[in-house]
1. Near Leu75, within a Cβ-to-Cβ distance under 12 Å, what is the net charge of the other residues, with Lys and Arg +1 and Asp and Glu -1?
2. So, in nm, how far is label Thr88 from label Thr73 when the simple model puts each one 7 Å beyond its Cα toward the Cβ?
3. Net charge around Tyr56, counting only other residues with Cβ within less than 14 Å of its Cβ (Lys, Arg = +1; Asp, Glu = -1)?
4. Pop out the ³J(HN,Hα) list for region 25-30 in order, Karplus 6.51 cos²θ - 1.76 cosθ + 1.60 with θ = phi - 60°, rounded to Hz; leave Gly and Pro as x.
5. I want to check the label-to-label distance for Leu81 and Leu5. Put each point 7 Å from Cα in the C-beta direction and report it in nm to one decimal.
6. Going by how many other beta carbons lie within 10 Å of each one, how would you line up Arg42, Arg62, fewest first?
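Nothing in this text is a laboratory measurement; each read-out follows from the coordinates by a stated rule. Given the structure is predicted, the values throughout are model-derived calculations rather than measurements. Neighbour counts are summed over all protein chains in view; Cβ atoms, including those assigned to glycine, are modelled from backbone coordinates with ideal geometry.
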Amino acid sequence: MTALLLVAACLASYGGFACLALAMPEHWEQWGGGSQRAAAWRWLRPAGLGLLALAYGLCVWRDGPGFGSLLWTVLISAAALAVAFTLTWRATR
């Protein structure tokens with residue numbers, strides 16, 4: 001059960017940073033999404049922040065407030081780096 005919580009927190013962190021990155025017009029176009037319309041990407045920032053909050057909640061639920069906060073800090077650092085590598089690898093230009 002605890003391993004599933006950690007995997008869910010990892011996926012939520014990665015998805016959160018991916019949403020935050022794709023909310024920027026430059027990254028959206030680089031990813032291959034074409035021109036960005038306001039209605040199509042307005043939900044990306046709240047979704048990204050919500051997923052990061054979900055990851056925090058999962059980490060705190062799994063390991064308590066002390067170590068869970070530390071785990072979340074390390075986890076979001078790794079997730080941000082993974083999203084940066086993914087966007088660089090997936091670049092269409």
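1. 0
2. Using points 7 Å along Cα→Cβ, the separation is 2.5 nm.
3. Local charge sum for Tyr56: 0.
4. Taking θ as phi minus 60°, the curve returns x, 5, 6, 4, 5, 5 Hz for region 25-30.
5. The two pseudo-label positions are separated by 2.5 nm.
6. So the residues, fewest neighbours to most, are Arg42, Arg62.
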